[in-house]
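So the structure is just underneath, and the comments pick up after that.
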């Protein structure tokens with residue numbers, strides 16, 4: 001089976017198999033996007049309002065005033081991602097249909113990072129005029145157009161013509177997205193090297209769409225025309241050269257240099273958008289002191305940072321890759337540029353807005369890094385310097401900082417049709433658009449890549465577990481430690497497309513040299529609990545959960561994943577024979593319900609059948625801590641069938657006592673109870689109880705007992721519309737995550753990452 005090491009638009013450069021990639025795109029609902037109704041559609045009245053006859057009212061209103069389309073339809077938050085597939089990623093011209101997975105992916109990024117709804121459109125034509133006409137007549141449908149993966153020179157013609165003809169933003173991200181991020185990095189590199197951007201000498205290697213856009217934008221920032229030398233495959237583009245088109249010739253200068261090496265002699269900055277290996281170490285040596293090198297060829301740069309540093313230790317280096325510092329990543333720009341443009345109903349994305357975005361991104365890199373970003377760096381927050389001139393791609397501040405800067409530039413430059421009166425309030429509204437959980441989860445994945453851990457997969461003979469282990473390793477999150485029969489595990493690895501099954505670490509209880517020490521350890525723990533030594537030997541040799549837990553107890557791994565072959569309670573009992581509850585804590589399970597704009601933590605859903613008041617208080621405290629780790633300020637509700645004693649009942653005292661215990665502990669979060677779920681979650685019902693200590697709806701739900709908790713969690717998983725993470729087991733001395741028997745490989749990887757990052761502990 002073929003395996004790939006391709007860089008996508010986010011330049012993750014992760015290895016994966018054909019099978020894994022195809023399974024990801026085909027599992028469940030094929031593709032990566034779906035349309036969900038934003039209004040209730042439960043009753044006949046709802047349908048009558050949504051369609052006939054109620055829909056006639058907004059139709060007439062829009063006919064009378066076209067601007068009302070932004071008030072009564074999705075137009076104002078809807079971007080079309082459009083391509084003809086003539087320049088797909090680094091794959092070339094594979095046609096419109098083949099580009100659809102990429103365009104769907106771009107639509108997902110719009111939603112994930114900026115809450116912009118997006119629809120992909122693939123146009124089956126290589127004729128520029130036909131493409132232009134098709135896009136132009138769709139203007140009423142969309143608030144903006146994102147052009148993607150269109151080959152030069154058609155991309156220049158298409159974008160410019162559509163910008164002239166359409167009254168909505170048109171943006172070719174392959175050009176301007178790259179240019180904006182590179183420009184932001186250049187601003188900071190100049191600051192660090194005490195250069196004025198008006199004085200620097202720049203060499204741009206490459207003359208495609210992105211390179212030309214970079215050249216144009218940094219000239220808008222202040223680089224003089226004659227200080228920028230552009231090179232293509234032939235060499236320097238100089239005035240009088242007769243084999244250049246109109247777009248290249250716009251950057252022609254009078255120059256004696258004819259080769260890249262000659263152009264780079266004494267140059268301050270190299271911007272590469274060409275090919276791997278184009279920049280040689282000897283060329284770097286000829287550049288000015290503290291050279292600025294942006295080697296952005298995809299997937300492999302013009303020169304690697306180690307080679308550049310070897311030639312010039314004083315260099316500042318950026319690439320398009322995530323495995324080196326200073327990643328030039330378009331996701332830092334396009335979602336937020338469109339967010340700001342849409343929110344002021346801009347008629348175009350002009351040069352002023354691009355410059356504003358570049359400055360905003362640059363300034364953000366100079367600010368102190370927030371906790372969410374520090375997590376991605378293993379707890380060591382990066383600071384502004386030669387290895388941090390561009391913000392981290394998942395910095396949550398990008399949403400409000402860049403979007404607000406773009407919106408203001410649109411207003412100042414006169415292209416905004418709906419100016420924002422209060423920019424501070426606008427920035428606050430931007431912060432509220434995204435669920436912080438998604439950002440924290442992303443940060444957890446990044447943290448694992450920066451500080452890989454060893455995760456024990458106790459059921460490694462199962463296909464779903466092996467797929468998860470492969471994904472965990474291929475993603476760079478750590479080392480999977482597989483438990484199972486050596487021959488069977490390696491046979492299955494081979495079946496799943498792994499080229500070198502022997503590269504995986506496998507532990508077999510039948511031949512492990514660690515077994516004698518395990519037996520001694522467990523016999524010491526259990527001999528006064530009715531277990532004979534032969535019982536211990538049998539458990540270690542025959543029970544994968546016992547053996548896996550013993551590996552964890554002996555520090556052969558940092559966490560363990562299990563649960564797909566046995567019921568949760570049985571697995572937990574096995575694990576508890578080896579791993580103790582951490583002193584001063586309570587072991588319990590958390591299900592996390594993640595919606596677009598909300599996250600709710602539900603506990604205890606797995607362990608404690610009828611928790612005491614002390615256990616309930618512990619569960620509340622520990623779940624609140626997890627909520628904070630995931631970016632939420634906890635508001636705890638102790639749930640019951642009764643709301644503050646109405647109706648009266650027998651199972652209320654432990655809840656009231658738990659509240660009293662939290663009073664005594666003087667915890668730093670809001671809590672209240674006992675209350676029914678609808679009161680805890682519905683602000684209108686909560687308003688009936690003005691004495692409630694909850695300032696907003698609860699986001700941590702402490703359930704009164706295992707029966708109600710487990711039923712609720714499983715019902716929500718099967719019938720609810722939210723994504724569900726978990727169950728997540730916390731409170732043990734060592735992190736053990738017990739998945740459900742229906743878990744997918746992706747869910748197992750998420751649990752492994754949460755355990756490895758320290759969130760699930």
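The values are calculated or read from the model by the stated rules, or taken from the named source; none is laboratory data. Since we're looking at a predicted model, the values are computed, not measured. We place every Cβ from the backbone using ideal geometry, glycine too, and count neighbours over all the protein chains shown.
Looking at residue 79, is it closer than 17 Å to residue 162 by Cβ, in a helix (DSSP H, G or I) and at pLDDT 95 or above?
In short, no.
Using the structure shown, decide if residue 194 is in a loop (DSSP other than H, G, I, E, B) and surrounded by fewer than 17 Cβ atoms within 10 Å (Cβ to Cβ).
When the stated conditions are applied, residue 194 passes them.
Pairs needed: first member in the stretch 41-59, under 21 Å from residue 141 (Cβ atoms); second member anywhere, assigned to a loop (DSSP other than H, G, I, E, B); C-beta distance under 7 Å; at least 6 residues apart or different chains.
50/39; 50/41
I'd like to verify a number: residues in the stretch 115-133 that are assigned to a helix (DSSP H, G or I), touching a helix residue (DSSP H, G or I) at 6+ places or on another chain (Cβ under 7 Å) and surrounded by fewer than 19 Cβ atoms within 10 Å (Cβ to Cβ), how many?
Residues flagged as assigned to a helix (DSSP H, G or I), touching a helix residue (DSSP H, G or I) at 6+ places or on another chain (Cβ under 7 Å) and surrounded by fewer than 19 Cβ atoms within 10 Å (Cβ to Cβ) within the stretch 115-133 amount to 1.
Can you confirm whether residue 280 is closer than 21 Å to residue 328 by Cα and more than 30 Å from the chain's Cα centre (by Cα)?
Yes; evaluated as a whole, the condition is true for this residue.
Residues being in contact with a strand residue (DSSP E or B) (Cβ under 6 Å, 6 or more places away or on another chain) and closer than 20 Å to residue 439 by Cα: count how many of those fall in the stretch 302-332.
2
Go through 559, 624, 617 for me and flag whichever is buried (at least 23 other Cβ atoms within 10 Å of the Cβ), within 32 Å of the chain's Cα centre (by Cα) and either under 25 Å from residue 650 (Cα atoms) or not assigned by TED's automatic domain parsing to the domain that holds residue 459 (or both).
Exactly one residue qualifies, and that residue is 624.
Could you check the stretch 536-556 and list, in sequence order, the residues that are under 21 Å from residue 741 (Cβ atoms), surrounded by 21 or more Cβ atoms within 10 Å (Cβ to Cβ) and without any contact (Cβ under 8 Å) to a residue 40 or more places away in the chain?
Within the stretch 536-556, 546 is the sole residue that qualifies.
Before we move on, is residue 231 surrounded by 14 or more Cβ atoms within 10 Å (Cβ to Cβ), touching a helix residue (DSSP H, G or I) at 6+ places or on another chain (Cβ under 8 Å) and over 26 Å from residue 92 (Cα atoms)?
No.
If we keep just the residues of the stretch 326-345 that are more than 18 Å from the chain's Cα centre (by Cα) and assigned to a loop (DSSP other than H, G, I, E, B), which is farthest from residue 76 (Cα to Cα)?
344
Whether any residue in the stretch 242-259 is closer than 17 Å to residue 303 by Cβ and not in a loop (DSSP other than H, G, I, E, B) is what I want to check.
Within the stretch 242-259, not a single residue is closer than 17 Å to residue 303 by Cβ and not in a loop (DSSP other than H, G, I, E, B).
Is it fair to say residue 136 is closer than 27 Å to residue 221 by Cβ and either without any contact (Cβ under 8 Å) to a residue 24 or more places away in the chain or touching a helix residue (DSSP H, G or I) at 6+ places or on another chain (Cβ under 9 Å) (or both)?
No; evaluated as a whole, the condition is false for this residue.
Right, residue 452: modelled with pLDDT of 95 or more and more than 20 Å from residue 332 (Cα to Cα) or not?
When the stated conditions are applied, residue 452 does not pass them.
Quick check on my filter: what residues within the stretch 450-477 are without any contact (Cβ under 8 Å) to a residue 60 or more places away in the chain and assigned to a helix (DSSP H, G or I)?
Within the stretch 450-477, 463, 466, 469, 473 qualify.
Could you go through the stretch 246-265 and let me know if any residue there is touching a residue at least 60 places away in the same chain (Cβ under 8 Å) and in contact with a helix residue (DSSP H, G or I) (Cβ under 7 Å, 6 or more places away or on another chain).
yes
Can you find, within the stretch 429-438, the residue that is surrounded by the fewest Cβ atoms within 10 Å (Cβ to Cβ) among those that are in contact with a helix residue (DSSP H, G or I) (Cβ under 8 Å, 6 or more places away or on another chain) and farther than 14 Å from residue 336 by Cβ?
Applying the filter and picking the extreme gives 436.
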